[in-house]
1. Calculate how large, on average over all directions, the projected area of the Cα convex hull of segment 196-306 is; give the answer in nm² to one decimal.
2. Take the Cα radius of gyration of segment 36-172 and divide it by 2.2 N^0.38 Å, with N its residue count; two decimals is plenty.
3. Please check the chain for the longest run free of GluC sites (Glu not before Pro) that are loop-located per DSSP (anything but H, G, I, E, B) and have at most 13 other Cβ atoms within 10 Å.
4. In square angstrom, what is the accessible area per residue of segment 175-274 with a 1.4 angstrom probe?
5. For segment 144-209, how big is the tail of P(r) above 20 Å, as a whole percent of Cα pairs?
6. With charges only on Cβ, +1 for K and R and -1 for D and E, what is the dipole size of segment 183-306 about its Cα centre, in debye, rounded to 20?
7. To the nearest 10 square angstrom, how much accessible area does Ile294 have with a 1.4 angstrom probe?
8. In the chain, what percent of the accessible surface is made up of carbon and sulfur (1.4 Å probe, ligands and nucleic acids excluded)?
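The values are calculated or read from the model by the stated rules, or taken from the named source; none is laboratory data. Treat the numbers as computed from the prediction; the structure is a model and nothing was measured. Because the Cβ atoms are built from the backbone with ideal geometry, glycine has one as well, and the counts that use them run over all protein chains shown. What goes into the accessible areas is simple: the full protein's heavy atoms, side chains included, and nothing from ligands, DNA or RNA. Shrake-Rupley method; radii C 1.70, N 1.55, O 1.52, S 1.80 Å.
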Amino acid sequence: MAAVAGPAAIRIAPDAVGSRPRIDRSGYLFVAFFTIPFLLFNIAPIFFGIYLSFTEWGIVGAPTWVGLANFKEALADDWVANAFVNTLRYALIIVPGVTVLGLLFAVFVHQRWPLATLARTLFFTPNVVSATVIGMVWVWLLDTQFGLVNQYLGLVGIAPVPWLTSVEWALVGVSIASIWWDLGLAFVIFLAALQEVPRDLHEAAAIDGAGRLRQFWHVTLPHLRPAISMVVTLQLIASLRIFSQVYVMTNGAPNGASQSVIHYVYQTAIVQYRLGYASAVSMLLFALILVLTILQRLVLRERARG
């Protein structure tokens, strides 16, 4: 029996070693349900948009190659400059507002104070509501004559503020609605990060005589740096791509004071049928988002190391 088994084993071993692993091709079928739509509706439009940015195209007919003409026109267009300045102003208001308020609300819920459970629901609920609903609600709240915000301001002697109808306040009014809408995601991220902070560190700091404020500054905040970096990065990108709130609440009025880059791209492409020029402006916005995101990540990384 040993003499028979030995040669059989020797013959089988080379076949087992030399054989290729079996590939189950059915896995590609399941992956294709996600991969194909992702390539068609996410990746392909990016390359098509890059191509269109070097052409002149009005939807009908074939695109006409114009090289860098669209980019030269965009860099000299005052309306493009105004849209970029407004977008940066949106980011300067919304990003700090969402980050600070999201952190404060997360700390409130994490401390398990009275009504913390109800607050958890209220803080996150706006994030799951559509931008259209949010915009319509805040158009009513910020109405100059009948809005609740001005009604409450009037109780303390403040005159009605034209939140959405004046050049000075329109951008601020849209930013307030955007902060309220985006607050939920930052709140959840910070709350999850707070739950990961070791309790032993707080107990040790309390034994050393540190109060709540010092514990938060020297113990909690250093552990929240990765969460802060994530929130700032996500919110910066979202703020630079702001569109729905602007479209619903002001449509860029008055006189372009609240117009964002994406809203200008929409007006140029869909209303004026200049898809090539709109694509060029979009590429400029993409470059701005890329540069600011990289700079922001580098700054936060250096602070974390320090």
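1. 10.0
2. Details: Rg = 22.2 Å, N = 137, 2.2 N^0.38 = 14.3 Å.
Relative to the rule-of-thumb radius for its length, segment 36-172 sits at 1.55.
3. So the longest stretch without any such site is 1-167.
4. 50
5. 57
6. 260
7. 90
8. That fraction is 70 percent.
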